[in-house]
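S.K.: Got a structure here, written out as structure tokens. Questions coming.
The values are calculated or read from the model by the stated rules, or taken from the named source; none is laboratory data. Everything numeric here is computed off the predicted structure, so don't read it as measured data. Cβ: placed from backbone, ideal geometry, glycine included. Neighbour counts: every protein chain shown. Just so you know, the surface numbers come from the protein's heavy atoms only, side chains and all, with ligands and any DNA or RNA stripped out. Shrake-Rupley method; radii C 1.70, N 1.55, O 1.52, S 1.80 Å.
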Amino acid sequence: MRIEQGFHQTPFPLWHPYDTDLVLPQILKRILPADAFQDVSADLERFGRLVNGPIRELNELCSDPKITQYDNWGRRIDKLHTSEGWRELKKLAIKEGLVAIFYERKFGEYSRVWGFAKSFIFQGDSNVVMCPLSMTDGAARVIELLGTADMRARVFPRLTSRDPSQAYISGQWMTERPGGSDVSQTETTATEATHPSELRALGPVYNLDGFKWFSSATDADMAVALARTGDRSLGSRSLSLFLVPMRFPFAGVSLHPQLAHSNNGIEIHRLKNKLGTRLVPTAELSLNATTGFRIGDLNAGVKSITPVLNITRLHSAITSVGCLSRCLSIARAYASVRIVDHGKHLLRDVSVHTATLAKVSLLYRALAHLVFGVVHLLGRVETGVASPAEEARLRLLTAVAKGFAAHKACGGMEECMAALGGEGYMEENIISRLIRDCLVEKIWEGTINVLSLELIRGAHSNPLALKSLAEWSKAIIDSVPPQMERSLSEALSILRISVQYLLSALKPPVSQFVPRPALILFGHVFAALYLLEHSVWSSVNDESEKEIDMECFRRWVVEEGLVEATEEVKRIVGSPEDGGRRTDVDSDIVYGKAKL
Ligand SMILES: Cc1cc2nc3c(=O)[nH]c(=O)nc-3n(C[C@H](O)[C@H](O)[C@H](O)COP(=O)(O)OP(=O)(O)OC[C@H]3O[C@@H](n4cnc5c(N)ncnc54)[C@H](O)[C@@H]3O)c2cc1C
């Protein structure tokens, strides 16, 4: 038989990423004031048409970056080649204000919600272009908060520009060979330098020497970087934060007036050979007398870079959930065209298939509510309208949203892949690439274990944090109207108990086995609370989806792992101290008695 003969599967329709999403419009309708909701929805509808058309076409022009390190005369040139598709996607994201929206603050505390909603519907077709933009967002925030007057005047407007010919992109260099989770062993040093006064205007000038092991935005204009400014024995307490131009001239100043473009002593040692995010030019860099301008106080680098991390972590959570949304959209669309079961039924009418996708959809709803709840909190904190309790809550929930979304999203994406059968495994249908790209969310900006340790530190360093969580969860549960309370009695009682267990498990001293299960339980509980908050709103406002919203809350609590996550924490907290016996047995299980 010739390929043209016989059965041909109708391709699945490409759905508009906002109009056909069952969750995001409802979240925005609840969170945003009515006039902001109208404007934001109109923008997302317009942008969604771009995503569904020209942006998907640009993806076809994307290919892996390459580097030419030497020219034919033996000169070191380190020329980075990125694809046309990648460059155009970046320009488009800048024009659409995917960093600018956050700083124009047109809708005040809701600007974060708008910008992240836009990024969310872009994720599935962005080819990870939001990775450098997320770091640019972080750099803009740190300069807004801690930059010198000159950085704020000359660099900040570029980082937040909508004009691609003016806009700066920033990378972020924390990770070095001794460790990314723990920067206390940082080898890069920074020594104060004397330079012409024009250069000094940007900030205190230093020369940086060292090796940065992961630089994702290598095609950027600048980076924010940690380097050592004091005694190594002080660990992370002798690190400072720097703005490092990738080349000069930068922000109107030249390092070597005789050279048109100086590479600022930065050599690209190698491009990383990665599982996913292959379009992102992640490289290893060596810094040789590289000029950097200190941001913030001397030896306060870790504290200074925290605003960057808080922002990039939320971008990471948005990536996980945005890509899950795209995979789910493909699976739903395919079910509307694929006929199975002796040619009798559309896949969408087969109960077991629908039940599988219902579970993924439920996960998607829970994660989307959790992540946008935290995004809204960030917007409130940044615009100065948050209470101290909300600020304390944000610190904990940022780690939870990033870690829990990364932990859960790829599993849902794998189900979407299987929902297309063999077609799901094909590169053209992009689910495989999205899974590969999203796996990095489990690692960069903090692995799940590292985030869980931070969560515990955050819970203990501010006495308001746990109190605020307790009060907020009580307020949401207490807001349930009586008729809803009757229908949801089982789920509400489970949730109340889980919140109690969680809060008591975090009271010091905390067993070393608690942090990770606690982060997972946190994710379950706070997703449940946000789903409940939404369901109450939906019911009180008589929304057409009110019954589904209630059922989603009920199922998330009763059927989707919250009970098991609570039991796990309960088991650990209830286990008597065994003098390290469990760790010994764990070690035997993993490495064998011979400790291979
Ligand atoms: C694709 C990609 C892009 C990246 N881009 C950048 C970038 O642009 N800029 C940048 O600075 N970094 C970047 N990174 C680096 C990333 O942030 C680090 O890989 C990450 O923070 C982990 O650090 P590490 O690789 O040194 O692993 P390690 O810190 O050595 O961790 C190894 C393992 O040890 C565990 N671990 C570490 N410490 C503890 C502890 N105290 N308790 C329990 N467990 C622990 C971790 O959970 C992990 O499982 C990128 C990474 C990837 C994969």
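S.K.: Just how far, in whole angstrom, is segment 314-346 from segment 82-158 if you go by their alpha carbon centroids?
M.R.: 28 Å
S.K.: Can you tell me the length gained on complete extension of the stretch Arg49 to Leu275, counting 0.36 nm per residue apart and subtracting the Cα distance?
M.R.: Details: separation 226, 0.36 × 226 = 81.36 nm, distance 3.02 nm.
Extra length from Arg49 to Leu275 when fully extended: 78.3 nm.
S.K.: What is the angle, in °, between the Cα long axis of helix 301-335 and the longest principal axis of the Cα atoms in the chain? Nearest 10 is fine, range 0 to 90.
M.R.: 40 degrees
S.K.: What net charge is computed for the residues neighbouring Val450, neighbours being all others with C-beta under 12 Å from the C-beta of Val450, Lys and Arg scored +1, Asp and Glu -1? Don't skip to the answer; put the middle values down first.
M.R.: Details: positive: Arg313, Lys402, Lys442, Arg457, Arg516; negative: Asp182, Glu445, Glu454.
Result for the local shell: +2.
S.K.: Which GluC sites (Glu not before Pro) in segment 554-589 sit in a loop by DSSP (not H, G, I, E or B) and have at most 13 other Cβ atoms within 10 Å of their own Cβ?
M.R.: In loop regions of segment 554-589 (DSSP not H, G, I, E or B), the sparsely surrounded GluC sites (Glu not before Pro) are Glu577.
S.K.: Step through the table entries Lys274/Lys408; Lys402/Lys595; Lys467/Lys570; Lys359/Lys402; Lys212/Lys272, compare each Cα-Cα distance with 24 Å, and write down the pairs that go over it.
M.R.: Lys402/Lys595
S.K.: Could you tell me how far the Cα centroid of segment 471-539 sits from the Cα centroid of segment 199-239, in Å?
M.R.: One Cα centre to the other: 42 Å.
S.K.: Give the whole-number value, in cubic angstrom per residue, of the convex hull volume spanned by the C-alpha atoms of segment 58-154.
M.R.: 128 Å³
S.K.: Would you grab the residues whose amide H sits under 5 Å from the one on Gln172? Only those 5+ places off in sequence or on another chain, please, with H modelled 1.01 Å from N.
M.R.: Correct list: Ser216, Ala217, Val224.
S.K.: Can you tell me how segment 448-591 classifies by the Cα gyration tensor, rounded, prolate or oblate, using a/c under 1.5 as the rounded cut?
M.R.: prolate
S.K.: Let me ask something additional. Determine ³J(HN,Hα), in whole Hz, for all residues of segment 19-32 in sequence, where each value follows from phi through the Karplus function 6.51 cos²θ - 1.76 cosθ + 1.60 and θ = phi - 60°; x replaces Gly and Pro.
M.R.: 4, 9, 7, 8, 10, 4, x, 5, 4, 5, 4, 6, 6, 8
S.K.: Quick one: angle between helix 111-122 and the longest Cα principal axis of the chain, in degrees between 0 and 90, rounded to 10, please.
M.R.: Between helix and principal axis, roughly 80 degrees.
S.K.: If R₀ is 25 angstrom, what is the calculated FRET efficiency for the pair Leu22 and Asn449, using the beta carbon separation as r and rounding to 0.05?
M.R.: 0.15
S.K.: Where does the charge balance sit around Arg436 when Lys and Arg score +1, Asp and Glu -1, over other residues with C-beta under 9 Å from its C-beta? Don't skip to the answer; put the middle values down first.
M.R.: On the way: positive: Lys274, Arg278, Arg433; negative: Asp437.
Around Arg436, the charge tally is +2.
S.K.: Calculated from DSSP H runs of 4 or more alone, at -39500 (n - 2.57) each and per residue, what is the 222 nm mean residue ellipticity of the chain, nearest 500?
M.R.: On the way: 22 runs with 313 residues, N = 596.
Mean residue ellipticity at 222 nm (helix-derived): -17000 deg cm²/dmol.
S.K.: Another question, then. If amide hydrogens are placed 1.01 Å from N in the peptide plane, which non-local residues have theirs closer than 5 Å to the one on His345?
M.R.: It is Val340, by chain and number.
S.K.: Nearest 5 is fine: what % of DSSP beta bridges in the chain come out antiparallel, could you say?
M.R.: About 90 percent, rounded to the nearest 5.
S.K.: In whole percent, and with a 1.4 Å probe on the protein chains, what portion of the accessible area of the chain is carbon and sulfur?
M.R.: 54 percent
S.K.: Where only protein heavy atoms count, and the probe is 1.4 Å, what is the accessible area per residue for segment 201-290 in Å²?
M.R.: Counting only protein heavy atoms, the per-residue value for segment 201-290 is 36 Å².
S.K.: Starting from segment 6-66, pick out the GluC sites (Glu not before Pro) whose DSSP state is loop and whose Cβ has at most 10 other Cβ atoms within 10 Å.
M.R.: Here the GluC sites (Glu not before Pro) that fit, given the DSSP loop and packing criteria, are Glu60.
S.K.: With the crude spin-label approximation of a point 7 Å out along Cα→Cβ, what separation in nm comes out for Met426 versus Arg76?
M.R.: Simple spin-label model gives 4.7 nm for this pair.
S.K.: Chymotrypsin sites (Phe, Trp or Tyr not before Pro), restricted to segment 35-103: which are DSSP loop and have at most 13 other Cβ atoms within 10 Å?
M.R.: Sites meeting the loop and neighbour criteria: Trp73.
S.K.: Here is a further query. Which order do you get for Leu285, Leu22 if you rank them by accessible area with a 1.4 Å probe, largest at the top?
M.R.: So, going from the largest accessible area down, we get Leu22, Leu285.
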